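Take a look at the structure set out below.
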Amino acid sequence: MKPNHKRLLSLTISAALCGLIGAPATALAADSEESLTTTIDSISTGNTPSGIAINSATDTLFVTNADDNNVSIIDGINNSVIDTVSVGEMPLGIALNSGKTLAYTANFSSGNVSVIDTATNTVVDTIETGGSPTQVAVTPDDSQVFVTDAQHDGIHIIDTATGQTRDITINVPTEGIAISPDGQ
């Protein structure tokens, strides 16, 4: 990718629908300065892509593949899968820490969060949360990871220094999560 040249990278709707039946999916790369309907490339990922995180500093994408229990790591310059990392069962959400050195995946069926070292593309920790982790967000200071639990109406909060978790029950189904840039 050219410096200061931005592209839109997304999972296609058709790919998500194919994913529901376990078919491979495609990520599309589109030039943000062109019409969003102009596809400049397609990138094959695993089955049922569910989450995406982007490291803009290295032009690297991380895509969870729920049916394959792995994460496709994509070189955003060459639009190719450069690695695949096995994680827990049915990874859905994924988020990077502020330094882009760690990626956290919410593994719905195994009730845990995998921690991937983005320099080596290896799982360096698995943190048990219980329940059905769905989405994940990291605080700007990297001190906590918030993980939604759609089937148990709560949020798991991981202390990144200790790996300990605590739970908050909020009595409504939780799926998406985001943390403001100031962490408040």
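The values are calculated or read from the model by the stated rules, or taken from the named source; none is laboratory data. Since the structure is predicted, the reported quantities are computational estimates derived from the model, not experimental observations. Methodologically, a virtual Cβ is constructed for each residue, glycine included, from the backbone with ideal geometry; neighbour enumeration extends over all protein chains shown. Accessible surface areas use protein heavy atoms only, side chains included; no ligands, DNA or RNA. Shrake-Rupley method; radii C 1.70, N 1.55, O 1.52, S 1.80 Å.
Rounded to the nearest Hz, the phi-derived 3J(HN,Hα) couplings of segment 107-122 under the Karplus curve 6.51 cos²θ - 1.76 cosθ + 1.60 (θ = phi - 60°) are 9, 3, 7, 9, x, 8, 10, 8, 10, 9, 7, 6, 7, 10, 6, 10, where x marks glycine and proline.
When all protein chains stay in place and ligands, DNA and RNA are ignored, the 1.4 Å accessible-area order of S44, S110, S132, largest first, is S44, S110, S132.
Using the Karplus relation 6.51 cos²θ - 1.76 cosθ + 1.60 with θ = phi - 60°, the per-residue 3J(HN,Hα) values for segment 79-91 come to 6, 9, 6, 9, 6, 9, 10, 6, 10, x, 7, 6, x Hz, with x marking Gly and Pro. Put a dot 7 Å past the Cα of D159, heading toward its Cβ, do the same for A119, and the two dots end up 2.6 nm apart.
For segment 74-136, what does the alpha-carbon gyration tensor say about shape, rounded, prolate or oblate, given a ≥ b ≥ c as the root eigenvalues, a/c under 1.5 as rounded, and a/b over b/c as prolate?
Prolate shape, in that a/c is at least 1.5 and a/b is the bigger ratio.
Less than 5 angstrom separates the built amide H of G88 from those of S114, all sequence-distant by 5 or more or on a different chain.
Taking the Cβ of T101 as the center, what net charge do the other residues with Cβ under 10 Å away carry, scoring Lys and Arg +1 and Asp and Glu -1? With Lys, Arg at +1 and Asp, Glu at -1, the net is -1. Computed with a 1.4 Å probe on the full set of protein chains, the accessible area for I54 sits at about 80 Å². Apply the a/c threshold of 1.5 to the C-alpha gyration tensor of segment 40-184 and tell me whether it is rounded, prolate or oblate. Prolate, since a/c reaches 1.5 and a/b exceeds b/c. Computed over neighbours whose Cβ is under 12 Å from that of T169, the net charge equals -2, Lys and Arg +1, Asp and Glu -1.
Once backbone amide H atoms are built at 1.01 Å from N, D125 has V115 as its partners under 5 Å, excluding neighbours fewer than 5 places away on the same chain. Evaluating 6.51 cos²θ - 1.76 cosθ + 1.60 at θ = phi - 60° for every residue in segment 125-135, the Karplus couplings come out as 6, 10, 10, 6, 10, x, x, 10, x, 10, 10 Hz, glycine and proline recorded as x.
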